[in-house]
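Accompanying notes for the structure given below.
Quick note: the coordinates plus some simple rules give every number you see, no bench work behind them. All of these numbers come straight from a predicted model, not from anything done at the bench. Counting neighbours? That spans all protein chains shown, and the Cβs are built from the backbone with ideal geometry, glycine included.
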Amino acid sequence: MKQKKYLVLLVSLLAAVVLATPVLGACAPQAPAKEKVIKIGYLLDLTGPVSVSLGKNTLATWLTPYRDLNDRGGINGVRVEPMWEDYAFNVDRAVAAYKKFKDGGAVVIHPITTLAAEAIQPLSTRDRIPLVGNSTTDKLVDPTQWHYTLSPSYTQMFASIIKYVKDNWKDTSRKPRIAQIAWDAPIGRGHIAASEAYAKQIGVDLGPWEFIPLIPLDTTPNLLRIKDAKPDFVVLQFGNNISAVSVLRDALKLGMLDKVTWINGFQNVNAAVSNWEAIGDGTLGISDTIFPEETNIPGVNALFDTLGKYIAPDPATKKPYFDGTTGLILRADLAVIEALTRGVNKVGFEKLDGPAVKDALETFKDYDLKGLVAPLTFGPTKRQGQSSMRFFQLDFKAKQWKSQTNWIQSPAQYDDTGKIAFK
Amino acid sequence: MLPCGTFNETYAQDMAIVRTRLQWGLFIAAIIGVLTLPLYASGYIVSTTIATGITLIAVMGLAIVTGYCGQFSLGQAGFIGVGAYTSAILVSQLHVPFLIAVPVAGVVAALVGLIFAIPSLRIKGFYLVMVTIGAHFIIVWTIIHLPKLTGGADGMVAPWANIGGFTFDSDTKYFYFVIPVVILMTFLARNIGRTRVGRAFVAIRDNDLAAEVMGINLFSYKMLAFAMSAFYAGIAGALWGPFLGRISPEHFTLLDAVWYLGMVIVGGMGSILGAVLGTVFLRILREVVSYLTPVVATAFPALERFAPATFGSIVFALAVIVFLIAEPRGLSHRWEIFKASYRLWPFSR
């Protein structure tokens, strides 16, 4: 009897609470006045499987553009404050970090890697906070979403490889064959269907497609299958250097190293060359980044000037250290700063929010980042700033990637609906 | 152990989970406190509570199969994936109402769990763990290789939850759907341990040979434990999808399954309270680490990248190790000792 009484009391209280929530909500304390600082979110992998490719890069280097901006007075006197979180390549942590940024008032978020961008893209679109980064898969250029990328996609990268191989193929008796060994993840799988269609179109054979785990211990079975197919080129498509080194080490054991031309995808090229050791010399690479040796590029010298104010020089080079990966991140920082500047100039600091930053990004028309990337153009239906990249060859003695081509636009382009088409 | 002066005089009192007036009062206050959270807490706290609640459902499932039945499993993340994809497919492709898709996702995950429970008849311990790891990889492989159904490696959109035309398209709204589900699943899990089935699980855990001799059908009860555990995982997965907006195979990693097991260990195996305490403890630990990392990075710039970045990994691993060594029976046991201590005070010294 008593239990029934308590149950009735409990249900009544619960009902009262639920019915009273609108009233209680109206009595909640009001949000405090906006402090004079622009908050942005910075979602990065300081730990996790992708972090190993960060090499000697540091967080301080990546945040230098904001530090420099603030030291020069900010944007019309307003500081820009990056809130950063290490999400360790874990979706749960990426989403939690995103919620923290949103709660903290971030008007734009910079996810460093593809997993983070894909994880938070639907949420940021719902919450009207633009993302700016270098990650590009086919769904990250969806014009209905709020992700703006400065990079070509993996589909565009592979299409460029196919075209490069076809254009430079001399043997008229047969078609060239390109195999791929990649992570068992969207980075390795997302471009396959479109690439096969394009390869068929221009007369290149593809396959086999081999997939390995994020930190592979032994890739011999995969390489043996590739060896049996006798490809002319093998594309290495990973998010860290460890995987590439593992594959090439196993290829050396199998005597395959000098039997094929190895082509390194974006991430392998972007990471530090010091991990390549005695293998990989002469391999090709494809990337849309810049390297510190390219002092003929005005943007590279500008980066050294900025970094030199805050980052201690690397003993080996006597200059602040940065590599291809950092080049990507720094250029995205500069793009974010430009977008924030345009936004503040247009609507003022008080009214700067996610939609205002989105509108500012969409005013980018051939925006020149001093050669750090091909000119950027965004628009209401254009989420990809540019789709050009360059081919490199590894010079191990000099420990450098040497550019073999100018900026080449990919034969694959996204239309206004986000669908890809090949020229 | 009951408070001094409180005696069970009827079977109903003996069976009661919430027994005294004080316990009822605290229980009601806790429910009110949780349900009114969006009114006084920030959006981040609300979303973290939702994530914790969903994780708790998965961990309670693991507590049933591992804690109650003694069958170690590292396949929980895979079963969560089954639930998430089932619910997303039912809602987005077959237009099944979300309220029906959630329990169906649980049932489908339970059926998948039954399949991988079959080896438990013959193997146990470390070998069973390897089977559950294999289950995880098989599930992920299947998801990737059914692109027309699941989107393959690219994943698929998980629509916002919609019940009767009302869309839960914000964290605050979704909070009021998830939390009652968490309360319901906790109530069910707590009561499983008090039923014939729950006692059979415990008997199998303590001594499966003796349990078999007593007449407990080992195979069917082990299968049931896995099915129940996978059911809970499926429910958790069905709730994850709308919270994230998009699901892909990368959302359900083996490392997550390891951390779920860690939560069961830290909280204390063999009790649902342990699952609750372990989940909340490790979640709070993560928030503390997340808060401290930039603080340490700013205070010690020379360590900047290395020490703070590895804080999270080191702290979580250390927490599990410390609990295994210092308190193998977990936080729930510590809580029982604390309760006994203050009830017997000053005679507890």
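The listed peptides B:206-215, B:178-187, ordered by packing as a protection proxy, come out as B:178-187, B:206-215 (highest mean of other Cβ atoms within 10 Å first). By the rule of a C-alpha distance below 24 Å, with chain neighbours fewer than 8 residues away ignored, the lysines paired with A:Lys346 are A:Lys34, A:Lys36, A:Lys39, A:Lys102, A:Lys358, A:Lys365, A:Lys370, A:Lys382. Note: region A:326-423, Cα convex hull, 119 Å³ per residue. In straight-distance terms, cross-link reach from A:Lys319 covers every one of the aspartates and glutamates whose alpha-carbon lies under 17 Å from its own, apart from those fewer than eight places away in the same chain; here that gives A:Glu293, A:Glu294, A:Asp305. Principal axis extents of the C-alpha atoms in the protein assembly as shown (largest first, rounded to whole Å): 92, 63, 53. Distant-in-sequence amide contacts of A:Leu369, defined by a placed amide H-H separation under 5 Å and a gap of 5 or more residues or a different chain, comprise A:Leu376.
Per-residue shielding of B:144-156, expressed as the average number of other chain Cβ atoms within 10 Å of the residue Cβ, stands at 3.
Here's how it looks for A:Leu206: its modeled amide H is under 5 Å from those of A:Ile178, which are all 5 or more places away or on a different chain. If R0 equals 41 Å, the separation of the Cβ atoms of B:Tyr127 and B:Leu184 corresponds to a calculated FRET efficiency of about 0.75. For region A:275-423, the relative contact order works out to 25 percent when only alpha carbon pairs closer than 8 Å and six or more residues apart are counted. Please state the shape class of chain B: rounded when a/c is under 1.5, otherwise prolate if a/b exceeds b/c and oblate if not, all from the C-alpha gyration tensor. Cα axes put chain B in the rounded bin. All distinct Cα pairs of chain A go into the 1/r average, and the inverse of that average, the Kirkwood radius, is 23.1 Å.
Peptide B:249-255 is shielded by partner chain Cβ atoms: per residue, an average of 5 of them sit within 10 Å of its Cβ. The charge dipole of chain B, taken about its Cα centre with unit charges on the Cβ of Lys, Arg, Asp and Glu (plus for the first two, minus for the last two), comes to roughly 600 debye. Bridgeable lysines around A:Lys230 (alpha carbons under 21 Å apart, same-chain partners fewer than 8 residues away excluded): A:Lys163, A:Lys166, A:Lys170, A:Lys175, A:Lys200, A:Lys253, A:Lys259. Of A:Leu254, A:Leu352, A:Leu123, the residue with the greatest mean-square motion in the GNM of chain A, using alpha carbon springs below 10 Å, is A:Leu254.
Computed from point charges on the beta carbon alone (+1 for Lys and Arg, -1 for Asp and Glu), the dipole magnitude for region A:101-212 about its Cα centre is near 320 Debye.
Against the main long axis of the alpha-carbon atoms of chain A, helix A:324-347 sits at an angle near 40°. Amide H contacts of A:Gly41 (H built 1.01 Å from N, in plane; Pro and chain starts excluded): A:Met83, A:Val107, A:Val108, A:Ile109, A:His110 sit under 5 Å, all sequence-distant by 5 or more or on other chains. Computed from backbone phi with θ = phi - 60° and the Karplus coefficients 6.51, -1.76 and 1.60, the 3J(HN,Hα) list for region B:319-334 is 4, 5, 5, 4, 5, 5, 7, 7, 9, x, 8, x, 5, 5, 5, 4 Hz; x is used for glycine and proline. For region A:88-181, what class follows from the C-alpha gyration tensor (a ≥ b ≥ c being the square roots of its eigenvalues): rounded when a/c is under 1.5, otherwise prolate if a/b is larger than b/c, else oblate? Prolate is the answer for region A:88-181, as a/c is 1.5 or above and a/b outweighs b/c. Applying the Karplus relation 6.51 cos²θ - 1.76 cosθ + 1.60 with θ = phi - 60° to region A:406-418 yields 3J(HN,Hα) values of 7, 5, 10, 6, 5, x, 9, 9, 8, 8, 5, 9, x Hz, where x marks Gly and Pro. Computed from backbone phi with θ = phi - 60° and the Karplus coefficients 6.51, -1.76 and 1.60, the 3J(HN,Hα) list for region B:75-86 is x, 4, 5, x, 5, 4, x, 4, x, 5, 5, 4 Hz; x is used for glycine and proline. For region A:179-304, the percent of C-alpha pairs falling in each 5 Å distance bin, counted from 0 to the bin holding the largest distance, reads 2, 10, 20, 23, 19, 11, 8, 5, 2, 0.
Ranking A:Gly343, A:Thr377, A:Gly354 by how far each Cα lies toward the positive end of the dipole of region A:336-423 (charges on Cβ) leaves A:Thr377 at the top.
Around the Cα centre of the protein assembly as shown, unit charges on the Cβ atoms of Lys, Arg, Asp and Glu (plus for the first two, minus for the last two) sum to a dipole of about 1320 debye. Protection proxy ranking for A:142-152, B:62-72, B:14-24, using the average of other Cβ atoms within 10 Å per residue and placing the highest first: B:62-72, A:142-152, B:14-24.
Using a simple spin-label model with pseudo-atoms 7 Å out from Cα toward Cβ, A:Lys170 and B:Thr6 lie 8.9 nm apart.
The residue among B:Gly330, A:Ile192, A:Ile178 whose Cα reaches farthest toward the positive pole of the charge dipole of the protein assembly as shown, with charges on the beta-carbon of Lys, Arg, Asp and Glu, is B:Gly330. With a/c under 1.5 counting as rounded, go ahead and sort region A:237-369 into rounded, prolate or oblate using the C-alpha gyration tensor (a ≥ b ≥ c being the square roots of the eigenvalues; past the cut-off, prolate if a/b is larger than b/c, else oblate). Prolate.
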